[in-house]
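Here the structure comes first, spelled out in structure tokens, and everything after it is commentary.
The values are calculated or read from the model by the stated rules, or taken from the named source; none is laboratory data. Predicted model, so just to flag it, every value in this text is computed and none were measured. Cβ placement follows ideal geometry from the backbone for every residue including glycine, while neighbour counts extend to all protein chains displayed. SASA here: full protein model, heavy atoms, side chains in, ligands and nucleic acids out. Shrake-Rupley method; radii C 1.70, N 1.55, O 1.52, S 1.80 Å.
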Amino acid sequence: MIPLYRVINMKKIIASVLCLTLIFSAFAVPVSATDGNGTESISFIYEIEKFFGNLTILFTKYFNGFFGKDEADIPFAEPKAPSWQEYTDNDFVTNPEQTVNAETWVATELTFESEKAYSNAFNDVQLDILLYGNGRLYTVPGFWNGGNEWNVRFVCPEAGEWYYKTVCSDKENTSLDGRTGKVICSQYSGDLEIYKHGFISADSGKKYLTYADGTPFFWLGDTHWSLGGETAEMVTTICEKRVSQGFTVIQSEPIDATFDVTNGITQDDIAGFEAYDENFAIIAQNGLVHANAQFFFPAFMQVLIDNNGGYSENVIADGMHDLSDDAKEYLEKVSRYWVARYG
């Protein structure tokens, strides 16, 4: 029998080697080589990353053997309430103003032009659509897109006929409130898995991520730290490369973004959002799941909180103060905008 102190020491050794391996892997990335003609080559970097990657996998297996949990000990995810309501009103929309075509799980965009101008559209007006089909009623948020334009982006999760009508917080603005339409949705005809099976979920009652239809999803991705400064050509090249390597996810952060949400969304921010529209669309068109932390990057969040009410006197844990009501309200508006535009 191996003495207990030796087992503990072995665990420490393996943990230390694993940490050192990860450190060496990080330092290996900046290494470069040339082909003799001064042309940059990344083959040497790939070989180093491959070596340390395999070493990391090897030690991780041993590490998990000592510290990892048995799968039987991992709890199942708690199923959550659906994002829709049951609805059976056949007269939801009687005379739709327009008809649009769509495919399941692929984003469709509606544009509405307001006949009324607002001095602070982001704060003063809220637009939703109620989307109904196959006995389900969804509430989908819209977003202000500068000037007098409001947009709504949505997907139909099932083929069939869907109907929508708009709901605007300004009931007197009939150019935004009470608009109706019909969506003829057919089954997705392409080859991308995300549109075959639907959005990714962690609340299906299983121990792993799944698509909306229950098909297991394997998360493999890396991060665009400076997505805000990347051109469409750069994003296209990166996404195509990652797809060829079997990646399923792109993660992104807002370094170099040209919009500022820390003190209200204004006309000056719209160009930055539209640049993001193009890059986000490229990621989606490549079939990659996009995990983005744009509004919750620490440098943004602290300024956002400080500019919009700060903290309250209420201590919630270990000297940490709760947000003020004003900060919570503003954060809710910003989050709603982001979900409406990119969710």
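What tally of residues in segment 169-219 results from selecting those that are of a type in the set (A, V, I, L, M) and over 19 Å from the mean Cα position of the chain (by Cα)?
3
So for segment 278-301 (the condition being modelled with pLDDT under 95 and acidic (Asp, Glu)), does at least one residue qualify?
no
Among the residues of segment 257-290, what is the count of those that are among the hydrophobic types (A, V, I, L, M, F, W, C) and open to solvent by 30 Å² or more (accessible area, probe 1.4 Å)?
Total meeting the criteria: 4.
What number of residues in segment 195-251 are part of a loop (DSSP other than H, G, I, E, B), among the β-branched types (Val, Ile, Thr) and either open to solvent by 50 Å² or more (accessible area, probe 1.4 Å) or modelled with pLDDT under 90 (or both)? Before you say what the answer is, go through the steps one by one.
Taking segment 195-251 first, the residues part of a loop (DSSP other than H, G, I, E, B) are 198-199, 202-209, 212-215, 217-220, 225, 230-231, 245-248.
Remaining after also requiring among the β-branched types (Val, Ile, Thr): 215, 231, 248.
Now drop any that are not either open to solvent by 50 Å² or more (accessible area, probe 1.4 Å) or modelled with pLDDT under 90 (or both), which leaves 231.
Summing the residues that are part of a loop (DSSP other than H, G, I, E, B), among the β-branched types (Val, Ile, Thr) and either open to solvent by 50 Å² or more (accessible area, probe 1.4 Å) or modelled with pLDDT under 90 (or both) in segment 195-251 gives 1.
Which one of the conditions (1) open to solvent by 50 Å² or more (accessible area, probe 1.4 Å); (2) charged (D, E, K, R); (3) touching a residue at least 24 places away in the same chain (Cβ under 8 Å) does Asp325 fail to meet, given that it meets all the rest?
(3)
Touching a residue at least 12 places away in the same chain (Cβ under 8 Å) and touching a helix residue (DSSP H, G or I) at 6+ places or on another chain (Cβ under 8 Å): which single residue out of Arg179, Arg153, Arg136 fits that description?
Just a single option satisfies the conditions, and that option is Arg153.
In segment 304-336, what residues are within 20 Å of Pro141 (Cβ to Cβ) and either among the basic types (Lys, Arg) or touching a Ser or Thr at 6+ places or on another chain (Cβ under 7 Å) (or both)?
Leu304, Lys328, Lys333, Arg336
Could you please find all residues in segment 158-171 being open to solvent by less than 30 Å² (accessible area, probe 1.4 Å), assigned to a strand (DSSP E or B) and not small (Gly, Ala, Ser)?
Residues satisfying the conditions are Trp162, Tyr164, Thr166, Cys168.
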